[in-house]
Amino acid sequence: MASGVFRDISKLSFDYVPEKLLHREEQWRRLEVMFEPVSQGGYSQNVLLVGSIGTGKTVTSKRFCTELAFKARKSGRSIDWTIVNCRQRNSEASTLLKMINYFDPNFPDRGFSSQELRKVLRKHIEKRAGHCVFVLDEVDALFRSGASDLVYFLSRLPEESDTLKNKVSLILISQRHVFDMLDMSALSTFKRTNVVEFGKYTKEQLFDIISARAELALLSGSYDDDILDLIADIASEWGDARFAIEMLEKSGMLANERMGDRIGTEDVRAAKAATYAFVTEERVAGLNRDQLLILLATARLLRNRAYTETSEVEKSYRIVCEEHDTKPRAHTQFYSHVKELSGQGLLDIKAKKGSVAGMTNMITMLDVPADVMVQQVERLLNEGGKKKKR
Ligand SMILES: Nc1ncnc2c1ncn2[C@@H]1O[C@H](COP(=O)(O)OP(=O)(O)OP(=O)(O)O)[C@@H](O)[C@H]1O
Ligand SMILES: [Mg+2]
């Protein structure tokens, strides 16, 4: 597994779950408190983990469930758990299938309706002596594809019969609050207080995270604190640990390519450029069409200037809409999308100096080359168009 500067490159892979999570004590503690009754066999729990990209939601849920199951086993109870990525399986049937596969890996992957699959899943849970925790990762994809009824079904399972009572818990994960997407009847089982927020990591926190990861993945002597500091600094604009880890990996690969035995700052800079295109793609993948059009309008304006005004973006947005045969949204909705994009760290809004409060806003994009953004968004819009026509 060792090669060049790497001791073990697999420790940088996206699905590696570290033994120890850093700077997530508060979220961990909240999960522990909420799941205390579950591990005692007391009742079911439904929680929602929310936070922007790379804030450790998936990794925390995996580590947490692993420990929950481990502790239960030690005290003679059983907790099964499985995680489904709903973006990869954005229909009810394929999500159910993945859950059933946990109990029966040989279950045929076609030929059953959602209703039948629900029954099969229910039977499996009934047969189990212990509790089942289902983690629905990137669950907003399920809502967007109109399959929110599945969440409703799962959250109501424990109430269906005595054989299911206290047997199913749900952990939903999303980059944004999904309560608006849940209908009221499902909401009653999802207390609004059962939300665990994952904030963006600070530079110092990112430094600690990649420093721990570098120790596992890189040979000592192949990097120093300056390198880690530079990576943490770049990634702190997003507060995104995945970006930081990817940059560490890419920097190491670049050092290997030039047969170096140490990662240099130039490797990090080159890695930054290479990682951007990829990361931007991930970031924009979850946006709706309106948001993509607004982002495209902004990115075009920002190709040759640092800042632009909201009113200019709105003008450019109307032109972009025309090009893409789409009816532009009214101002209020347009602006709420702009705020949403800013919430996701894709745009940055600042009040213009000297303007009446709230009247003129300046917009910029944080550090992503505008050209890269234009290309990515145009590609996505064109793909979306093709899909629709089919
Ligand atoms: N607190 C942490 N300690 C150690 N590693 C972490 C921590 N937080 C995140 N990571 C690592 O950073 C990467 C991204 O984390 P993760 O996949 O959990 O993010 P996420 O919040 O699920 O992002 P997304 O919304 O894009 O799915 C993973 O490789 C993970 O192992
Ligand atoms: Mg995730």
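The values are calculated or read from the model by the stated rules, or taken from the named source; none is laboratory data. Predicted, not measured: the structure shown is a model, and the values here were computed from it. No Cβ is skipped: glycine too gets one built from the backbone with ideal geometry, and neighbour counts run over all protein chains shown. Heads up: the accessible areas ignore ligands, DNA and RNA and are worked out on the full protein's heavy atoms, side chains in. Shrake-Rupley method; radii C 1.70, N 1.55, O 1.52, S 1.80 Å.
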Modelled label-to-label distance, residue 7 and residue 149, 7 Å Cα→beta-carbon offset: nm? 5.3 nm
Between residue 43 and residue 288, with labels modelled 7 Å along Cα→Cβ, what's the label distance in nm to one decimal, could you check? 3.4 nm
Of 177, 124, which has the most accessible area with a 1.4 Å probe, and how do the rest follow in descending order? 177, 124
How big is D for segment 287-389, in µm² s⁻¹ as a whole number, if Stokes-Einstein is applied with the Kirkwood radius of its Cα pairs at 4 °C and 1.567 mPa s? 94 µm²/s
Given all pairs of different Cα atoms, what value in angstroms does the Kirkwood hydrodynamic radius of the chain take? 23.1 Å
Protein accessible area in segment 1-66, 1.4 Å probe - carbon and sulfur %: 55 percent
If you take the charge dipole of segment 264-346 about its Cα centre, with +1 on Lys and Arg Cβ and -1 on Asp and Glu Cβ, which of 276, 288, 264 is farthest toward its positive end? 288
Residue-normalised accessible area of the chain, expressed per residue, 1.4 Å probe, Å²: 49 Å²
Plugging the Cβ-Cβ distance of residue 33 and residue 162 into 1/(1 + (r/R0)^6) at R0 = 30 Å yields, to the nearest 0.05, a FRET efficiency of 0.65
In debye, nearest 20: dipole of the chain around its Cα centre with unit charges on the Cβ of K, R (+) and D, E (-)? 1220 debye
Subtracting the Cα-Cα distance of residue 176 and residue 259 from 0.36 nm times their residue separation yields 25.6 nm
Mind ranking 69-75, 294-300 by how tightly packed they are, going by the mean number of other C-beta atoms within 10 angstrom, highest first? 294-300, 69-75
So if I take the alpha carbon set of segment 25-198, get Rg, then get Rh from the Kirkwood formula, what is the Rg over Rh ratio? 0.93
For 110, 258, 77, give the ranking by accessible area with the largest first, probe 1.4 Å. 110, 258, 77
Cα pair count fraction exceeding 12 Å, expressed as % - segment 25-72: 65 percent
